[in-house]
1. What net charge is computed for the residues neighbouring Ile38, neighbours being all others with C-beta under 12 Å from the C-beta of Ile38, Lys and Arg scored +1, Asp and Glu -1?
2. State the extension gain, in nm to one decimal, for the chain segment bounded by Arg5 and Glu29, taking 0.36 nm per residue of separation less the distance between their alpha-carbons.
3. Over 13 Å, how big is the tail of the calculated P(r) for segment 1-45, in percent of all Cα pairs?
4. Measure off 7 Å from each Cα along the Cα-to-Cβ vector at Val14 and Arg61, then give the distance between these two points in nanometres to one decimal.
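Nothing in this text is a laboratory measurement; each read-out follows from the coordinates by a stated rule. Keep in mind that what you see is a predicted model, and the values were worked out from it rather than measured. Neighbour counts run over all protein chains shown; Cβ positions are idealised from the backbone, glycine included.
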Amino acid sequence: MERQRKLSFEEMTVRLLAMLLVKGIPPKELSQMHQIAILNRAGLPPKDIAEVVGTTANTVRVALVTIRKSEKTGRHMRFPREE
């Protein structure tokens with residue numbers, strides 16, 4: 001079995017807030033790719049992101065590769081604006 005390191009209070013808080021944010025915004029306003037990006041930046045591993053978003057860990061990994069490639073080329077993901 002894989003041993004996980006213990007998270008600090010701050011790390012756990014950031015992860016929980018990110019999960020609440022993603023779950024609280026309607027899917028039509030925040031795409032799956034944006035949800036994955038937010039949860040990844042909060043430090044969640046692909047397996048946990050997949051559970052929150054409702055997809056597979058492999059789909060999350062593929063999305064993360066796409067996100068990282070777009071960031072390297074200077075095409076940062078644009079998040080929906082508030083109206």
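1. +3
2. 5.2 nm
3. Result for the distance tail: 57 percent.
4. Those two pseudo-labels are separated by 2.4 nm.
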